[in-house]
1. Among the residues of region 17-26, is there at least one that is part of a loop (DSSP other than H, G, I, E, B), surrounded by fewer than 13 Cβ atoms within 10 Å (Cβ to Cβ) and modelled with pLDDT of 95 or more?
2. Name the residues in region 39-48 that are more than 10 Å from the ligand (Cβ to nearest atom) and in contact (Cβ under 8 Å) with a residue 12 or more places away in the chain, would you?
3. For region 19-38, name all the residues that are in contact with a strand residue (DSSP E or B) (Cβ under 8 Å, 6 or more places away or on another chain) and more than 10 Å from the ligand (Cβ to nearest atom).
Ligand SMILES: [Zn+2]
């Protein structure tokens, strides 16, 4: 009998990490970012909005 390996299994430590431009904290790859990961620069919507706020504040 042969044992099948389980492909498509991902270890947590395997996930890529980035540093948030706003809070400077590392954050990990998330499923919801899988198509836009290259463009992700902030750990959360909160940080992303912080960045937008600065721009919006300039009237
Ligand atoms: Zn952040």
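1. Taking region 17-26 as the starting set, the residues that turn out to be part of a loop (DSSP other than H, G, I, E, B) are 20-25.
This time we only want the ones that are surrounded by fewer than 13 Cβ atoms within 10 Å (Cβ to Cβ), so: 24-25.
Subsequent filtering for residues that are modelled with pLDDT of 95 or more retains 24-25.
Yes, that holds for at least one residue.
2. 40
3. 28, 29
The values are calculated or read from the model by the stated rules, or taken from the named source; none is laboratory data. Keep in mind it's a predicted model, so treat the numbers as computed, not measured. For neighbour counting, all protein chains shown are included, and Cβ atoms are generated from backbone atoms with ideal geometry for every residue, glycine included.
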